[in-house]
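The structure appears below as structure tokens.
The values are calculated or read from the model by the stated rules, or taken from the named source; none is laboratory data. No experiment lies behind these values; they were computed from the predicted model shown. Using ideal geometry, Cβ is built from the backbone for each residue, glycine included, and neighbour counts are taken over all protein chains shown.
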Amino acid sequence: MHYDYIVIGAGNGGLSSAAKLALNGKKVLVLEKHNIPGGCGTTFRRGRFEFEVALHQLSSMGSLENPGPLRELFRQYGIEDKIEWVPIKSLFKINLPDGFEQSLPADRKEAEEVLCKRFPEEKQNILNYFETVFGFDCETERFLKMQADSTGEPGAIRKSLTKTLFRRKFPVLAKYGLRSTQEVLDEFFQSKELQLCLNAYWCFMGVPPERFPFSILARCTAIYMTDKPYYLKGGSQVISQALAEVISENNGIIKYNCGAEEIIVENGTVVGVVDEEGNEYSCDIVVSGISPIDTYFKLIRQENTMINAKEYLSGYKVGISALTCFIGLDCPPEKIGFTDSFNLIYADTDCNEAFQNSYNLMPDKDPIITTCYTIDDPTVSPPGTSVITAGSLKYGKPWMELSIDEYYETKYKAANIIINRLEEKFHGIRSHIEEIEVATPLTHMRYLNHPEGAIYGFEQDLKSSVYFFPRESLIKNLTFANGWVNICGFGPNYMYASSVVDELLSKEGRK
Ligand SMILES: Cc1cc2nc3c(=O)[nH]c(=O)nc-3n(C[C@H](O)[C@H](O)[C@H](O)COP(=O)(O)OP(=O)(O)OC[C@H]3O[C@@H](n4cnc5c(N)ncnc54)[C@H](O)[C@@H]3O)c2cc1C
């Protein structure tokens, strides 16, 4: 059987690229290892609760009248109005051990106001900081547009934009583009508490502020404040299902419980795929929705390609995974003092230091990331109950070294520490737990099949930031659309996959 395109993996990147290809009349086959679409974009049930696997806040949606780029994309796919979107009121709430609490509204003016009120001695610094963040975002948009418009010869933008001219045209980008979040926050602020109120998105990228590119923090802050964070009724599984339907309705095929086993290469060119059942398909192009590591080393297995891939990927490190408790409570959130959906609970104001504990098994010092989905959508679980996820970022390696017996013991010990730490903040939570399920880095390895259970792909630190993702394909007719070659996250991946398809279609047009 021949397909125009074979997409490997029905995660966010895979689904978005396959939907766009199918909508453009291409004959598409998607191979997915799991029995449902979505990858990280899935939900699961325990008792009377449905738990969200990954999505806390969807970015780039914007409003109906003033749509952000993701809403525009969902319109193109015809799924925007099939889904009930839920705006989230606050970006996050910071909780410190001495009882300090501060939530940040999802609006620039309001955020400036609450922070200036809380830290009056840093008022001017706060205003200057927001000016810089939004200036950075604005210049990035202009720079990206300039790049997109210079479609001519490769490198044209570099020739026309000398170093001096770049500094003049994009002063904020030039000054802050390659600096870490910590460096920039130290430049602006004295107060460590204030810094924590502004840097929380480090946990969405899985690197501590000293390694977290300020470029990504600035973009995240400006995008979430402008387009607002969103959730949706039914959880991220609903988007995945809707995209899967777009694919099937446009004659695409998704095979579940059937991963890709091998990518067939002839004379240095991809010509087809073998699935786990041994079926062989020929195709023009393979779009990989999985890591370049698995693509090159597990699926291609050609000595030359492996040597080149080893060299090409040598500068990249597999990123962090997560330890998460999925908790169904038999009480509403206010009963235990939950007010904001997304909370960061710190054991210390030095979050760079606290992050070091991610390399250990137990979450005794790590920042606890806690989301209560019921705050913004009270219908997410039966009346009078609530759904919470709470956990910390953890590297996969120490978990991979455990024996089976050690694994179960460690998993429940770690979950118990998380509940104890929640209990300090939300008194009585333990006695209201009706259901609990625990996911570790090994769970992510099992269900997502990513190396070391990485949830954000490669480490998204300064070295592999927006400017240096390993996007080049080392072999003809193979391309990538997933969180390993792009900023991780739902919105970024749906959109990046769409841009990958635009490029593929325009190449077809140029043939
Ligand atoms: C706990 C957690 C919390 C997160 N929180 C957020 C958040 O709040 N906001 C946000 O924007 N992002 C968040 N993310 C990150 C976001 O979910 C990911 O960056 C994004 O989903 C990655 O998409 P992807 O396309 O790379 O692949 P994934 O969603 O990881 O999917 C990969 C798919 O490929 C399949 N697969 C693997 N190997 C094969 C094979 N050989 N053959 C066929 N199929 C295969 C897997 O089964 C899976 O379905 C979170 C992730 C996790 C896990």
| If we keep just the residues of the stretch 63-94 that are assigned to a loop (DSSP other than H, G, I, E, B) and among the small types (Gly, Ala, Ser), which is nearest to ASN493 (Cα to Cα)? | GLY68
| note | The lone condition GLY152 fails out of (1) part of a helix (DSSP H, G or I); (2) modelled with pLDDT under 95 is (1)
| note | Those helices (runs of 4 or more DSSP H) completely within the stretch 177-252 that have 3 or more residues that are among the small types (Gly, Ala, Ser) and under 23 Å from the mean Cα position of the chain (by Cα) are 214-227, 236-249
| task | From LYS310, LYS298, LYS255, grab the single residue that is in the same structural domain as LEU21 (by TED's automatic domain parsing), free of Cβ contacts under 8 Å to residues at least 40 places away in the same chain and crowded, with 16+ Cβ neighbours inside 10 Å. | result | LYS298
| query | Just a yes or no: is a residue in the stretch 379-386 within 16 Å of the ligand (Cβ to nearest atom) and over 21 Å from ASN420 (Cβ atoms)? | reply | yes
| task | Quick one: count up the residues across the stretch 431-441 that are within 13 Å of the ligand (Cβ to nearest atom) and either of a type in the set (A, V, I, L, M) or outside the structural domain of SER392 (by TED's automatic domain parsing) (or both). | result | 2
| task | Using the structure shown, decide if ASP81 is under 30 Å from LYS365 (Cβ atoms), away from the ligand (no atom under 12 Å from the Cβ) and not assigned by TED's automatic domain parsing to the domain that holds THR324. | result | no
| message | So if I check each of GLU276, GLU262, GLU266, which one is without any contact (Cβ under 8 Å) to a residue 12 or more places away in the chain, of a type outside the set (Phe, Trp, Tyr) and more than 30 Å from GLU121 (Cα to Cα)? | response | GLU266
| message | Step by step: first the residues of the stretch 253-277, then only those that are within 14 Å of the ligand (Cβ to nearest atom) and in a loop (DSSP other than H, G, I, E, B), then the one that is farthest from TYR447 (Cα to Cα). Which residue is that? | response | GLU277
| task | Sort through PHE74, PHE49 and tell me the only one that's outside the structural domain of LEU144 (by TED's automatic domain parsing), under 30 Å from GLU435 (Cα atoms) and modelled with pLDDT of 95 or more. | result | PHE49
| field | Qualifying residue in the stretch 14-26 (condition: in contact with a Leu (Cβ under 6 Å, 6 or more places away or on another chain), buried (at least 22 other Cβ atoms within 10 Å of the Cβ), not assigned by TED's automatic domain parsing to the domain that holds PHE204 and not in a loop (DSSP other than H, G, I, E, B)) | value | yes
| task | Could you tell me whether ILE455 is out of contact with any Phe, Trp or Tyr (no Cβ under 9 Å at 6 or more places or on another chain), assigned to a loop (DSSP other than H, G, I, E, B) and not basic (Lys, Arg)? | result | yes
| request: Please enumerate the residues belonging to the stretch 460-511 that are of a type in the set (Asp, Glu) and either more than 25 Å from PRO208 (Cβ to Cβ) or surrounded by fewer than 17 Cβ atoms within 10 Å (Cβ to Cβ) (or both). | output: GLU472, ASP502, GLU503, GLU508
| said: Within the stretch 490-510, does at least one residue satisfy the condition of being in the same structural domain as GLY11 (by TED's automatic domain parsing), under 23 Å from ILE264 (Cα atoms), near the ligand (Cβ under 9 Å from one of its atoms) and small (Gly, Ala, Ser)? | reply: yes
| task | Mind telling me which of the residues ASP330, ASP284, ASP294 ends up being within 28 Å of PHE469 (Cα to Cα), more than 16 Å from the ligand (Cβ to nearest atom) and at pLDDT 95 or above? | result | ASP284
| query | Restricting the search to the stretch 119-137, which residues are of a type outside the set (Asp, Glu) and free of Cβ contacts under 8 Å to residues at least 24 places away in the same chain? | reply | PRO120, LYS123, GLN124, LEU127, PHE130
| said: Being assigned to a loop (DSSP other than H, G, I, E, B) and more than 13 Å from the chain's Cα centre (by Cα) is the filter here; which residues of the stretch 482-511 pass it? | reply: LYS511
| Could you count how many residues in the stretch 42-78 are buried (at least 17 other Cβ atoms within 10 Å of the Cβ) and either of a type in the set (Lys, Arg) or away from the ligand (no atom under 16 Å from the Cβ) (or both)? | 3
| Listed residues SER248, SER240; which is in the same structural domain as ASN66 (by TED's automatic domain parsing), of a type outside the set (A, V, I, L, M, F, W, C) and within 16 Å of GLY491 (Cβ to Cβ)? | SER240
| Subset of the stretch 391-421 (residues that are aliphatic (A, V, I, L, M) and either free of Cβ contacts under 8 Å to residues at least 24 places away in the same chain or touching a helix residue (DSSP H, G or I) at 6+ places or on another chain (Cβ under 8 Å) (or both)) | LEU393, MET400, LEU402, ILE404, ILE419
